[in-house]
1. Scan (1) within 21 Å of residue 3 (Cα to Cα); (2) buried (at least 21 other Cβ atoms within 10 Å of the Cβ) for the single condition residue 66 breaks and write down its number.
2. Working only within segment 1-11, note down all residues that are under 14 Å from residue 36 (Cα atoms) and either surrounded by fewer than 15 Cβ atoms within 10 Å (Cβ to Cβ) or at pLDDT below 80 (or both).
3. Is it true that residue 35 is part of a strand (DSSP E or B), touching a Ser or Thr at 6+ places or on another chain (Cβ under 9 Å) and crowded, with 21+ Cβ neighbours inside 10 Å?
4. Could you list, in sequence order, the residues of segment 69-105 that are within 14 Å of residue 38 (Cβ to Cβ), in contact (Cβ under 8 Å) with a residue 60 or more places away in the chain and among the β-branched types (Val, Ile, Thr)?
5. If I ask for residues that are under 12 Å from the mean Cα position of the chain (by Cα) and either closer than 12 Å to residue 10 by Cα or of a type in the set (Phe, Trp, Tyr) (or both), which ones from segment 29-59 would you list?
6. Considering only segment 73-99, how many residues are buried (at least 21 other Cβ atoms within 10 Å of the Cβ) and either modelled with pLDDT under 95 or of a type in the set (Val, Ile, Thr) (or both)?
7. Do you know which of the residues in segment 83-92 that are out of contact with any helix residue (DSSP H, G or I) (no Cβ under 7 Å at 6 or more places or on another chain) and not polar (S, T, N, Q) is nearest to residue 24 (Cα to Cα)?
Amino acid sequence: MAWPQSGDSAHDLTLPDQNGTSVTLSALWATGPVVLYFYPKDETAGCTAEACSFRDSFEVFRDAGAHVVGVSRDSVESHKNFAAHHRLPFTLLADVEGVGHRAWNIQKRLGLLTDRVTFVIDQKGVIRHTFASHLRMGAHIAESLAVVKRLQLGA
């Protein structure tokens, strides 16, 4: 089974963020596009590079009305430390039980690495873009931003 694709309805979920506050995806997408990215693990080289790239582009996403949300199986405490260590201004959701990973079909490959997948969800809860790459961290940001800007223009 593959990840959800463009045109599919997004799976709603509620998970705790890095502060322990419950966040519901549909409440976010009701107010603007959501860039939802699943990543393997806090404080690993690739995940830190990806998170810092989202951080460095955060104002552009925010100015376009978009919410950036990262999800991994790490704990609330791990996310809190990760966000503080790298000054991450966006939401990190703790999916310790894997509920969101299962709903979005985010798998472990070779029993090790969890898929690194980014989705852009519009204000109607429809996935407008799906991108996956373990090695091209910057492409997650560039591709998401291009879609968010198109949504901002009403395309």
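The values are calculated or read from the model by the stated rules, or taken from the named source; none is laboratory data. From a predicted model like this one, the values you see are computed outputs, not experimental measurements. Neighbour counts are summed over all protein chains in view; Cβ atoms, including those assigned to glycine, are modelled from backbone coordinates with ideal geometry.
1. The failed condition is (1).
2. 3, 5, 6, 9
3. Against the criterion (part of a strand (DSSP E or B), touching a Ser or Thr at 6+ places or on another chain (Cβ under 9 Å) and crowded, with 21+ Cβ neighbours inside 10 Å), residue 35 qualifies.
4. Answer for segment 69-105, where residues must be within 14 Å of residue 38 (Cβ to Cβ), in contact (Cβ under 8 Å) with a residue 60 or more places away in the chain and among the β-branched types (Val, Ile, Thr): 91, 99.
5. Answer for segment 29-59, where residues must be under 12 Å from the mean Cα position of the chain (by Cα) and either closer than 12 Å to residue 10 by Cα or of a type in the set (Phe, Trp, Tyr) (or both): 33, 34, 35, 36, 37, 38, 39, 54.
6. 1
7. Filtering first and then ranking leaves 83.
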